[in-house]
Amino acid sequence: MGIRIEAYAVDVPKLAELLNATIGDLLRRYQLDGKHPEQRLMFTDLHNDDIFLTTPGGPIRASIGNGSDRHFEELNEERLRTLESLRRPAHEHLSRDTIFGANRLLRGLSRCKGIDFIEPLIDGHRRWWIGSLLQFAHKHFEPGEYEQLELLFRRILRRLDCGYKIQEGDPGLVATGLPFTPEDNLDLPFGRWSEAECFEAVPLLSKIMELSPTFTRPPGPIGIAPDDSEWHEWVCNNVKSLLRIKDLGYSTCNLLTFIG
């Protein structure tokens, strides 16, 4: 599959309110309001390997028990209310779970009716468009502006390259202010733009688009990517998608990303 990026704009106070709900409540909500029947929402309990999942319109299922007692079960309302794993608040669960749990949650609930505070902006694109963007900005920005933009995208890339030479090292993750404590997993690094960084990103990305850029393939080496004939449009579309953060009207906008 290769390394891909997912990025979500979130309104942090509303996300915090959502994560006060229990795991059972979120499974029920997704069952009732999810938009894509083929996409499941799944939670795992790290203490006992129990698995809980559902799809929009489908039953809520569980794989629970130990050893020879492990079994599959469709959960009724009483079981949803009484199973200890499902009574845990979602923020507590995500703070104990691997980062894959947060990834599954944001992906699922961003495609759920009535949830207008989790907006998918980058959906599985490879990272080479970032190298192309930085290549253009390096030629047209003042040094301070370029360093600011590069740091923003290093927060998404974390330890990975992008086909264009950037400062080495992982800028790390600042989780202060998030409604859960994300795991820092080497297999799926989590990235974040804080409210202040989202505010910084908008004029920088807007300036690039105002310069009528022509985006070209960075010097590499790079992996699988669009053909040269599609490259410029690919980068433009991703930049325009990130710029949607300025029109979302969120009270406290953050960008949450996963790369892996």
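Quick note: the coordinates plus some simple rules give every number you see, no bench work behind them. Computed from a prediction, not measured in an experiment: that's the story for all the values here. Note: ideal-geometry Cβ built from the backbone for every residue, glycine included; neighbour counts use all protein chains shown.
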Provide the FRET efficiency to the nearest 0.05 for the residue 165-residue 244 pair, computing r from the beta carbons and using R0 = 30 Å. 0.55
GluC sites (Glu not before Pro) lying in DSSP loop within region 104-171, provided at most 11 other Cβ fall within 10 Å: 168
Fluctuation leader among 65, 34, 124 - the chain, Gaussian network, Cα springs under 10 angstrom: 65
Expressed as a whole number of Å, what is the distance separating the alpha-carbon centroids of region 235-260 and region 3-32? 17 Å
The answer for the per residue Cα convex hull volume of region 19-118, in Å³, is 95 Å³
What is the sum of charges around residue 135, taking Lys and Arg as +1, Asp and Glu as -1, for the other residues whose C-beta is under 10 Å from the C-beta of residue 135? +3
Using helices alone, I'd like the mean residue ellipticity at 222 nm for the chain: each DSSP H run of four-plus residues gives -39500 (n - 2.57), total over residue count, nearest 500. -12000 deg cm²/dmol
So, in Å, what gap is there between the alpha-carbon centers of region 99-130 and region 159-217? 15 Å
Could you give the size of the charge dipole of region 1-153 about its Cα centre, using +1 on the Cβ of each K and R and -1 on the Cβ of each D and E, expressed in debye and rounded to the nearest 20? 360 debye
Quick one: if you stick a label point 7 Å off each Cα along the C-beta vector at residue 66 and residue 175, how many nm between them? 2.7 nm
Rounding to the nearest 20 debye, state how big the charge dipole of region 114-260 is about its Cα centre with +1 on each Lys and Arg Cβ and -1 on each Asp and Glu Cβ. 160 debye
Where labels lie 7 Å past Cα in the beta-carbon direction, separation of residue 3 and residue 47 in nm: 3.6 nm
Distance (nanometres) between label positions extended 7 Å along Cα→Cβ at residue 20 and residue 78: 3.0 nm
Over region 65-125: Rg over Rh, Cα atoms, Kirkwood Rh: 1.06
Region 1-96: chymotrypsin sites (Phe, Trp or Tyr not before Pro) in DSSP loop, at most 15 other beta carbons within 10 Å: none
Just one of (i) 20.4, 80; (ii) 17.6, 54; (iii) 20.0, 65 is Rg and Dmax of the Cα atoms in Å as worked out from the coordinates here. Which one is it? (iii)
Kindly give Rg over Rh for region 122-259, based on alpha-carbon atoms, with the Kirkwood expression for the hydrodynamic radius. 0.94
